[in-house]
1. Quick check: residue separation of residue 447 and residue 219 times 0.36 nm, minus the Cα distance between them. What number comes out in nm?
2. How do 59-69, 320-330 rank on mean C-beta neighbours within 10 Å, highest first?
3. So how tilted is helix 116-142 from the main axis of the chain? Cα-based, degrees 0 to 90, rounded to 10.
4. List the residues whose amide H sits under 5 Å from the amide H of residue 260, counting only those 5 or more places along or on another chain, with H placed 1.01 Å from N in the peptide plane.
5. Stretched out fully, how many nm does the piece from residue 455 to residue 19 gain, at 0.36 nm a residue minus the Cα gap?
6. For region 306-323, in order, what is each residue's ³J(HN,Hα) by Karplus, 6.51 cos²θ - 1.76 cosθ + 1.60 with θ = phi - 60°, in whole Hz (x at glycine and Pro)?
7. By how many degrees, between 0 and 90 and to the nearest 10, does the Cα long axis of helix 85-109 differ from the longest principal axis of the chain?
8. Spin-label point model (7 Å from Cα, Cβ direction): what's the residue 172 to residue 93 distance in nm?
Amino acid sequence: MLQRARKIRTQIHQLVDACLFAASFWIAYDLRSNNAIITRLNLPLINDEILDSEKLVWLFVALIPAAPLILESQGFYKRSPLGSQQSLLWSLFKGCLITTLSLVLLMYALHFITPRIMMVFFGIISFVLVYGKEMLVRWALRTRMVRSQLKRSFILVGTTPEIPQMRQDLLRHLHEGVDIVAELNLTEGSPNRIVDLLHHHSTFGVVLSAKHASFEQVEYIIRTCELEGVEVWLIADFFNAQISRTSFDELLGRPVLVFRTAPEVSWQSLGKQGMDFFGALVLLVLLAPLFLILAAAIKLSTPGPVWFRQQRAGMSGSPFQLFKFRTMITNADQLKHELEAMNEMTGPVFKVTNDPRVTPLGKFLRKYSLDELPQLLNVLRGEMSLVGPRPLPVDEVQRFEDLAHRRRLSVKPGLTGLWQVSGRSQISDFKEWVRLDLEYIDTWSLWLDLKILILTLPAVLRGTGAK
């Protein structure tokens with residue numbers, strides 16, 4: 001994992017751990033002042049002056065920033081998330097012990113009189129809560145869904161002396177989510193092969209070592225990946241230079257120049273992921289009655305299944321199964337070739353205003369975009385986002401003639417996007433459609449997502465321009 005992404009991950013853990021230590025402090029406070037606990041453990045009664053909450057606030061304020069720093073000093077955040085239990089337990093035990101002793105010393109220094117058993121409670125509870133959090137993270141990282149979301153496929157590109165070493169280094173860090181799907185040896189093969197490898201493997205990025213490669217080969221690979229919206233991690237440990245539209249990072253201790261055209265990992269991108277997950281979850285709960293009504297209406301109006309499933313190209317071109325409410329007759333795919341002459345969209349995309357395959361109920365669902373609602377399941381599964389370029393069928397993506405059009409695949413597809421709020425399906429030129437998608441990618445911010453979501457609602461309610 002790049003240093004920038006690792007730093008954000010560490011900061012998230014530190015924030016959560018600070019909250020857990022703070023919660024442990026107040027739980028210990030409540031336990032020591034609880035009459036039932038006092039009676040069961042035969043503890044002496046204490047007066048309110050000893051457990052003065054106003055005085056304890058000062059300890060609480062000191063604890064929040066101190067606890068993560070103490071854990072960091074013990075190497076707690078340098079461990080592999082899937083490392084040994086021994087390293088986890090030992091570093092956490094030392095961190096909790098030092099934190100507890102530090103609080104005791106601080107209380108004596110400030111003349112705070114606090115029962116010793118309360119600090120014992122605090123040490124035990126903080127250890128249990130942080131350990132439970134780590135076990136939860138470890139379990140999540142081993143689940144298939146999380147692994148699939150964290151895993152990124154890469155192609156190794158370099159020369160004969162470089163590729164074996166890169167492969168060996170990366171295989172020692174499989175937990176970082178880097179999956180090597182192919183290799184391109186520039187000593188034995190042409191750099192032109194990179195195009196076929198990118199398309200065949202639906203690659204997220206390319207790890208490129210240029211120490212012994214010619215600059216012409218490096219330039220060709222970077223330009224090709226830039227056109228397609230694929231990240232290039234250039235291992236540039238032979239020179240230090242600033243290149244436009246790049247970011248400097250670190251991979252396994254080596255300096256790396258990242259050529260990126262899609263939004264990079266940031267707090268905004270994490271906010272987008274949170275908004276996607278919780279937004280989809282809330283909408284699915286709120287719209288559950290509507291789902292049942294629409295499903296019943298589709299089932300009673302025409303023969304066939306309620307759901308329509310289709311393979312669409314997701315992020316990096318990886319195929320996924322998209323869900324929709326069925327709006328067409330059951331043999332719609334077989335009739336598609338007969339309607340090719342009626343296609344109103346230039347390029348590889350197929351769009352028809354008055355498609356004879358659409359059922360009467362389907363026209364209503366499409367007009368108000370109700371057929372798209374099941375894609376909230378795709379958002380919840382991490383295959384789509386609430387906002388992003390609309391996912392196209394895999395066969396249409398394979399017909400892209402301009403490599404630059406594939407850059408729209410560099411982010412997750414969305415339920416809505418600039419295309420929808422800028423005329424929706426009234427746009428008939430695929431190049432204009434792609435232009436809006438790339439404009440969204442190049443100017444992305446969390447505020448832009450919120451703005452598009454706000455503008456989508458009136459566009460859907462008006463039902464203007466939908467097909």
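Throughout, read-outs are computed from the coordinates displayed, never taken from laboratory work. Keep in mind that this is a model prediction, so the values were computed, not measured. Glycine also receives a Cβ, built like all others from the backbone with ideal geometry; neighbour counts cover every protein chain displayed.
1. On the way: separation 228, 0.36 × 228 = 82.08 nm, distance 3.46 nm.
Between residue 447 and residue 219, full extension yields 78.6 nm more.
2. Those peptides, ordered most packed to least, come out 320-330, 59-69.
3. Computed tilt is about 20 degrees.
4. Here 247 satisfy the definition.
5. Values: separation 436, 0.36 × 436 = 156.96 nm, distance 3.65 nm.
Contour length minus the Cα-Cα distance gives 153.3 nm.
6. 6, 8, 10, 10, 8, 6, 10, 8, x, 4, 6, x, 5, x, 9, 8, 8, 9
7. Helix 85-109 sits at roughly 50 degrees to that axis.
8. 2.8 nm
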